[in-house]
1. Rounded to the nearest 10 degrees, what's the angle between the helix 4-19 long axis and the longest principal axis of the chain, both from Cα atoms, 0 to 90?
2. Order these by the 10 Å Cβ neighbour count, fewest first: 112, 79.
3. How big is the convex hull of the Cα atoms of region 62-187, per residue, in Å³?
4. Restricting things to Cα coordinates, could you compute the convex hull volume per residue of region 1-104 in Å³?
5. So how tilted is helix 158-197 from the main axis of the chain? Cα-based, degrees 0 to 90, rounded to 10.
6. For residue 177 and residue 134, what is the calculated FRET efficiency with R₀ set at 45 Å and r taken between the beta-carbons, to the nearest 0.05?
7. Please work out the Cα center distance from region 29-75 to region 124-183, rounded to the nearest Å.
8. Residue 67 to residue 25: FRET efficiency via 1/(1 + (r/R0)^6), r the Cβ-Cβ distance, R0 35 Å, to the nearest 0.05?
């Protein structure tokens, strides 16, 4: 029948249109901000800095390598390296960012900073309600405003955070094993040298 396909398509459209008023599955409109749709795990809005432990300054993963600043397409990241070093969360002496700012009014949420970071220090947040009439006062975020705990990271991206923690733990275990092996080898070499340098005792009675 001529036009049968068009009629079937219009009938399906009419059925969907009518169903959108009565079916809960089709009622996609919510009364924002009183009602909110939960964000999915892969949501990405603006970056934040991850820190471990209770102190954001001591636990900051960022070591001011400036890779993210160089790779950022809109150039919205500003980093200044510290002149000194301080112990990080695990006690290792590290350079830290004396300044770390992100202008979220320029950020394009591309996530390139996350992809290039070798220290898992910068991740994408799900917070989007940042509208303000003060661009430079409220949208230029400093390191304190950007710092969020690893627990927060787990709460918004649980699968990704678990994978990152497992990888970091594995890398730490490998590094510690190499350090132990190197220390044991150095101790064995030192003992061998000491034994070789020790003079032999003369034989008693000329024997």
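Derivation of every value follows stated rules applied to the coordinates shown; laboratory data play no part. Note that the structure is a prediction, hence the values are computed from the model and not measured. All Cβ positions, even for glycine, are placed from backbone atoms using ideal geometry, and neighbour counts span all protein chains on display.
1. 80
2. Ranking 112, 79 by Cβ neighbours within 10 Å, fewest first, gives 112, 79.
3. Spread over its residues, the Cα hull of region 62-187 gives 128 Å³ apiece.
4. 220
5. With rounding to tens, the tilt is 10 degrees.
6. 0.30
7. 8
8. So the FRET efficiency works out to roughly 0.20.
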